[in-house]
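The values are calculated or read from the model by the stated rules, or taken from the named source; none is laboratory data. This one's a predicted model, so the numbers in the text were calculated from it and none came from an experiment. Cβ: placed from backbone, ideal geometry, glycine included. Neighbour counts: every protein chain shown. Surface accessibility is based on the protein's heavy atoms, side chains included, excluding ligands, DNA and RNA. Shrake-Rupley method; radii C 1.70, N 1.55, O 1.52, S 1.80 Å.
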Amino acid sequence: MELEDYKAITEGLLFAAGEEGITKKKLTNLLELDTKTFKSLMEEMMKDYQSKNRGLTIMDSQGTLHLTTKPEHASYYKRLLDSPGSTRLSQAALETLAIIAYQQPITRIEVDDLRGVKSDRAIQTLVNRSLIEEKGRKDAIGRPILYGTTKDFLIYFGLTSIEELPPLSELKQGEGEEDGEADLFFEKFNEDPFADD
């Protein structure tokens, strides 16, 4: 396989890994490369990403590699996040928001377990929209972050307190409970506050 092929695969793997990133050791194993070849590959990629016409870069955080945006473009990303109603929330973000609203404080892993899929991006989106925030750390191994809803969440959905959420007792027990939570929650507030005007 050519070096360019390995570059493309590496870029895809880093993108797919999201904010968790991939350790150099794991990436070396996934690519089935020896250490010397992997080091050359990373040097080439780092050089490529330093170009001014690239919007992304590879960050090495204590041996874990992340595909990230360039810090010098931060003002543009802030504009995107600050623009009201610029995009709708995805179904994943809506489900995640409903789970956090009812189960708070809750960790990302607990949200993942309820949804059956990773929720990293959905949680990041909700944090960026100021709908959820860190509420401390769980007293468990690794001290994971606990998430809960914000005042902005209450304002967006016209609530004065979290107690005004529809009761979960109306839900059927069993499979699809987290989908039921999302449906019940957004049935009460059927207008998406993030819909384009």
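If DNA, RNA and ligands are ignored and the probe is 1.4 Å, what is the ranking of V111, V127 by accessible area, most exposed first? Display every interim value, and only then the final one.
Working: V111 0, V127 55 Å².
Heavy-atom accessible area, descending, gives V127, V111.
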Report the accessible area of E72, computed with a 1.4 Å probe over the heavy atoms of all protein chains in place, in Å² rounded to the nearest 10.
-> 120
Using a 1.4 Å probe, how large is the accessible area of S90, given in Å² and rounded to the nearest 10?
-> 60
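Sort segment 1-112 into rounded, prolate or oblate with this rule: let a ≥ b ≥ c be the square roots of the eigenvalues of the Cα gyration tensor; rounded if a/c is under 1.5, and if a/c is not under 1.5, prolate when a/b is larger than b/c, oblate otherwise. Present the calculation step by step, with values, prior to reporting the outcome.
Numbers: a/c = 2.75, a/b = 1.58, b/c = 1.74.
Oblate, because a/c is 1.5 or more while a/b does not exceed b/c.
Nearest 0.05, what FRET efficiency do K7 and K151 give at R0 = 45 Å with Cβ-Cβ as r? It would help to have the intermediate numbers written out before the result.
On the way: r = 45 Å, r/R0 = 1.00.
With R0 = 45 Å, the Cβ-Cβ based efficiency is 0.50.
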Solvent accessible area, Å² - R79, 1.4 Å probe, full protein context = 150
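At a 1.4 Å probe radius, which order do H73, H66 fall into by accessible area, largest first? Each step should come with its number before you reach the end.
Numbers: H73 55, H66 25 Å².
The most accessible residue leads, giving H73, H66.
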